[in-house]
1. Within the bounds of the stretch 168-189, is there any residue that is in contact with a helix residue (DSSP H, G or I) (Cβ under 9 Å, 6 or more places away or on another chain), more than 30 Å from residue 132 (Cα to Cα) and either modelled with pLDDT under 90 or buried (at least 17 other Cβ atoms within 10 Å of the Cβ) (or both)?
2. So how many residues does the stretch 175-219 have that are assigned to a loop (DSSP other than H, G, I, E, B) and closer than 30 Å to residue 68 by Cα?
3. Can you tell me which residue is nearest to the chain's Cα centre (by Cα) among those in the stretch 200-216 that are free of Cβ contacts under 8 Å to residues at least 40 places away in the same chain and over 25 Å from residue 148 (Cβ atoms)?
4. Among the candidates 91, 76, single out the residue that is in contact with a strand residue (DSSP E or B) (Cβ under 9 Å, 6 or more places away or on another chain) and at pLDDT 60 or above.
5. Check the stretch 220-233 and report whether any residue there is modelled with pLDDT of 80 or more, over 22 Å from residue 143 (Cβ atoms), part of a strand (DSSP E or B) and within 28 Å of the chain's Cα centre (by Cα).
6. Quick check on my filter: what residues within the stretch 168-199 are free of Cβ contacts under 8 Å to residues at least 40 places away in the same chain, out of contact with any strand residue (DSSP E or B) (no Cβ under 9 Å at 6 or more places or on another chain) and more than 15 Å from residue 231 (Cβ to Cβ)?
7. Are there any strands (runs of 3 or more DSSP E) wholly within the stretch 54-167 with 1 or more residues that are closer than 21 Å to residue 202 by Cβ and without any contact (Cβ under 8 Å) to a residue 60 or more places away in the chain, and if so which?
8. Scan the stretch 112-128 and tell me whether some residue there is within 30 Å of residue 179 (Cβ to Cβ), surrounded by 15 or more Cβ atoms within 10 Å (Cβ to Cβ) and at pLDDT below 85.
């Protein structure tokens, strides 16, 4: 009887391929302005939160699992994040941002209806938004802040044994602020601020083939926010005839 086995060349090629996939830069993506997931369970499970979390915070990651909640539930969570960034250049060396700590509150509620066949949910969380302020004010924008709050009404239910589905609407409310120094204004300050809203949707399906295995498919649409706000300009220049010391511009 002939025994089958992998040749050393094939094993080496597979090992190189596996290392290349893991180390490929395109596979390494940072969160950017995305905030950590809400709730201790979701935060500790990382990617596993989509299938394993069974508290009301599933509204933000997999609304289909909301169907597993058997009684009225209310969850309030608070995340704290701290960040600092640095920038080195042959001319601008040793620049860094100020230490900042942000508190991100979240609230989720679930209410079973129809003898537990369906569950209504409401989530209010902060999925995006961060701020940065540089210690040394320079020509570039030295302060930027973006905040996003998502109000997410949801309904979930069981389609069949072991299969549940969840649907939700995302109402995003956002604010933005940016400050910069401009040489043309005698190093005066330009402050941009605005607010806006956007609309999105989300859906999920969870399949439980056995009592110990779960498979989840989740989808959350993109959204656009159109900001409306003010531009505030202040200048230390004494030449008021050339430029006002302070002006507020509001788009019509």
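The values are calculated or read from the model by the stated rules, or taken from the named source; none is laboratory data. The structure presented is a predicted model; accordingly, all values stated were derived computationally and were not measured. Here Cβ is always computed from backbone atoms with ideal geometry, including for glycine, and neighbour counts include all displayed protein chains.
1. Taking every residue of the stretch 168-189 in turn, at least one turns out to be in contact with a helix residue (DSSP H, G or I) (Cβ under 9 Å, 6 or more places away or on another chain), more than 30 Å from residue 132 (Cα to Cα) and either modelled with pLDDT under 90 or buried (at least 17 other Cβ atoms within 10 Å of the Cβ) (or both).
2. Going through the stretch 175-219 one residue at a time, the tally reaches 7.
3. Here is the first cut: in the stretch 200-216, the residues free of Cβ contacts under 8 Å to residues at least 40 places away in the same chain are 200-201, 210-213.
From the residues that got through so far, the ones that are over 25 Å from residue 148 (Cβ atoms) too are 210-213.
On the way: 210: 32, 211: 32, 212: 30, 213: 28 Å.
Once the filter is applied, the top-ranked residue is 213.
4. When all the criteria are applied, what remains is 76.
5. Taking every residue of the stretch 220-233 in turn, at least one turns out to be modelled with pLDDT of 80 or more, over 22 Å from residue 143 (Cβ atoms), part of a strand (DSSP E or B) and within 28 Å of the chain's Cα centre (by Cα).
6. Once the filter is applied, which keeps residues that are free of Cβ contacts under 8 Å to residues at least 40 places away in the same chain, out of contact with any strand residue (DSSP E or B) (no Cβ under 9 Å at 6 or more places or on another chain) and more than 15 Å from residue 231 (Cβ to Cβ), the stretch 168-199 yields nothing.
7. The strands (runs of 3 or more DSSP E) meeting that bar are 73-83, 100-113, 118-128, 143-160.
8. yes
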